[in-house]
1. Got a sec? Which of Val29, Val64, Val10 is in contact with a Phe, Trp or Tyr (Cβ under 8 Å, 6 or more places away or on another chain) and modelled with pLDDT under 90?
2. Which residues, counting only those in the range 62-73, are loosely packed, with under 12 Cβ neighbours inside 10 Å and not charged (D, E, K, R)?
3. Within the range 47-61, take every residue that is open to solvent by 40 Å² or more (accessible area, probe 1.4 Å) and touching a residue at least 40 places away in the same chain (Cβ under 8 Å) and give me the one that is nearest to Pro93 (Cα to Cα).
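The values are calculated or read from the model by the stated rules, or taken from the named source; none is laboratory data. Just so it is clear, the structure is predicted and the values come from calculations on it, not from any experiment. Using ideal geometry, Cβ is built from the backbone for each residue, glycine included, and neighbour counts are taken over all protein chains shown. Surface areas here come from the heavy atoms of the whole protein model, side chains and all, with no ligands, DNA or RNA. Shrake-Rupley method; radii C 1.70, N 1.55, O 1.52, S 1.80 Å.
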Amino acid sequence: MAGWRFARRVDEQTNPLIEYVRFTFPTKVTHVAWARTAETATLLIPARTSQATLIRLDDTRIVVEPENGTYRLVVGGAECNDPAFGCLIGGEPWLLVEEGVDDPLNQPAPDVTVESGGTLPTPDPAQVL
């Protein structure tokens, strides 16, 4: 993560199902996401590259391609046992790294959206590098 120039956290009121932070570098963008609830959620990231690397917490790396111009990142929920706040940190975080992005520091970042649900694991474990 060293060398990022700009970081942005997506407002939780806009996307209450996930926590999402985008780190922008001179030629790449790293998206970090995890669920905020006990339910799975799918983060839809408009693609700026033809493929990206998806990284699990254990450093498992998977090359993925966008579907119809969008990366679909399913994040799993977790036990939410805090009655006041629910999940402060939900399920396992994922990193999606888009390398070779054309001038991401000076281009407006596309808006991400979130859908409730999604099927784990994301992506197919047969694609593991």
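1. Details: Val29 fails: modelled with pLDDT under 90; Val64 fails: modelled with pLDDT under 90.
Of Val29, Val64, Val10, the one residue that is in contact with a Phe, Trp or Tyr (Cβ under 8 Å, 6 or more places away or on another chain) and modelled with pLDDT under 90 is Val10.
2. Within the range 62-73, Asn68, Gly69 meet the criteria.
3. First pass over the range 47-61, keeping only residues open to solvent by 40 Å² or more (accessible area, probe 1.4 Å): 48, 50-51, 56-59, 61.
So of that shortlist, the ones also touching a residue at least 40 places away in the same chain (Cβ under 8 Å) come out as 48, 61.
Numbers: Arg48: 21, Arg61: 13 Å.
Checked the range 47-61; the qualifying residue nearest to Pro93 (Cα to Cα) is Arg61.
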